[in-house]
Amino acid sequence: MDTWLGLMSGTSMDGIDAVLVSFPDNRVQIHAKHTTPYPDDIRQRLTQLSQNQGTPDDLGELDHIVGNLFAEAAESVIERADIDRSEIRAIGSHGQTVRHQPLGSAPFSLQIGDPNLITERTGITTIADFRRRDMAAGGQGAPLVPAFHKAFFSSPAENRCILNLGGIANISWLPKGPTEPVSGFDTGPANALLDAWCQDQTGRPYDDDGHWAQEGTVHQDLLADMLSDGYFSRAAPKSTGKEKFNLEWVKTLAHRHPEVSAEDIQRTLLELTVASIARQLPRSPEMTIFACGGGTRNTFLMRELKRTCSPFLMSSTAELGLDPQWVEPVAFGWLAKQTMAGLPGNLPEVTGARGERILGAVYYF
């Protein structure tokens, strides 16, 4: 049975998720999983680079460092599995996004983590650079995971919305009708601003279970200012990242409301995540929402989402047979499988590309 290795580090920049997975009979079978956290200094340098606070030397050094960390994550998950290395067909490495600019006269998306190092250290063919072929075809290069959602989570019995709560939130609309197209886009920030403000104000990398946010109250004027950002009303296809929603974005808006306390800002940022998602959900009389991503660990965020998105039912992808923390790395294992089979990995109706494309560059061993 062919096995694939997926590597993913998202906009939260907290570490590298590695998973060994196979897809028997169009099912997901996870054989091993492992997370390699970023050292604090590397995470800080990556954050600075994503805000254009870096030199070409920084970019080159971090590309090398992150490539080695991705290779270490791959080696660690292989050691955890009772699988011969020869059974692993390929590695699908998302890399670490440090800049995503899908609009303008020269759109681009930049992921680092040198795949040459991953191939050389593991002895396994690696596929990387998944986004730029879609962009070359006029797409946003993101989100890409809706193609995986469509392949494994669609149901002829119900409308489903897959909600990914990473640093950035995105949704995939999976209608039950066979003729209605799948759609998906980034709704805006999920954990990115919550983590950034918490780190800046308390020194903690994240607000565990939303405890700090619960100490504050929503400041309605500040929330209105946040929601007035043009991104939230922009029509799809659309995608975004930390180059847009970052600590400076928060501080600029907070400066207009000096009376708002730090904990009230945290609570308002959580409400921003909830409100921006709820306002952009598909207009459907019935659907079930299945959440995934790191944000599902924040019980306060999940409680507020369930309350605001009522009467729609909200669950997690665990109900569909896949742990919500591992959906994205599994998806990049699947995207590697698509590439090696010569099959497309994008959904043009999601990204805006001119058509389906085989994604990624292959680094053969």
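Here, each number is a calculation from the coordinates, and none is a lab measurement. Keep in mind the model is a prediction, meaning the values are calculated, not measured. Note: ideal-geometry Cβ built from the backbone for every residue, glycine included; neighbour counts use all protein chains shown.
Quick look at the numbers
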| read-out | value |
| --- | --- |
| Under-5 Å amide H pairs with residue 141, H placed in peptide plane, nonlocal only | 135 |
| Value of D in µm² per second that Stokes-Einstein yields for the range 146-320, Kirkwood Rh from Cα pairs, at 4 °C (1.567 mPa s) | 78 |
| Spread of Cα-to-Cα distances over 10 Å intervals beginning at zero, given as percent, for the chain | 5, 25, 35, 25, 8, 1, 0 |
| Mean Cβ count within 10 Å, highest first, over the residues of peptides 284-290, 336-342 | 336-342, 284-290 |
| Cα extents of the range 96-222 along the three principal axes, largest first (Å) | 47, 45, 36 |
| Share antiparallel - DSSP beta bridges, the chain, percent rounded to 5 | 65 |
| Within a Gaussian network of the chain (alpha carbon springs, distance under 10 Å), most fluctuating of 329, 282, 143 | 282 |
| Fluctuation leader among 115, 348, 24 - the chain, Gaussian network, Cα springs under 10 angstrom | 24 |
| Total charge dipole magnitude, the chain, about the Cα centre, Cβ charges on Lys, Arg, Asp, Glu only, Debye to nearest 20 | 1120 |
| The range 240-365: Rg to Rh, with Rh as the Kirkwood radius over Cα pairs | 1.05 |
| Among the listed pairs 33/251; 176/244; 150/238; 176/337; 176/238; 238/306, those beyond 28 Å (Cα-Cα) | 33/251; 176/244 |
| 0 to 90° range, to nearest 10: angle between helix 327-340 axis and the chain longest Cα axis | 40 |
| Principal-axis tilt of helix 262-279 within the chain, Cα atoms, nearest 10 degrees | 60 |
| DSSP-assigned coil residues among GluC sites (Glu not before Pro) in the range 113-215, each with at most 15 further Cβ atoms within 10 Å | 158, 215 |
| Kirkwood Rh and Cα Rg combined as Rg/Rh, the range 261-319 | 0.99 |
| When the convex hull of its Cα atoms is projected in every direction, mean area for the range 108-160 (nm²) | 5.5 |
| Beta bridges per DSSP with both ends in the range 61-181, % antiparallel, nearest 5 | 85 |
| Overall Cα dimensions of the range 46-119, principal axis frame, Å, largest first | 47, 23, 18 |
| Centroid-to-centroid separation of the range 298-338 and the range 43-80 [C-alpha atoms, Å] | 26 |
| Most fluctuating residue given options 197, 249, 326, as computed from a GNM of the chain linking Cα atoms under 10 Å | 249 |
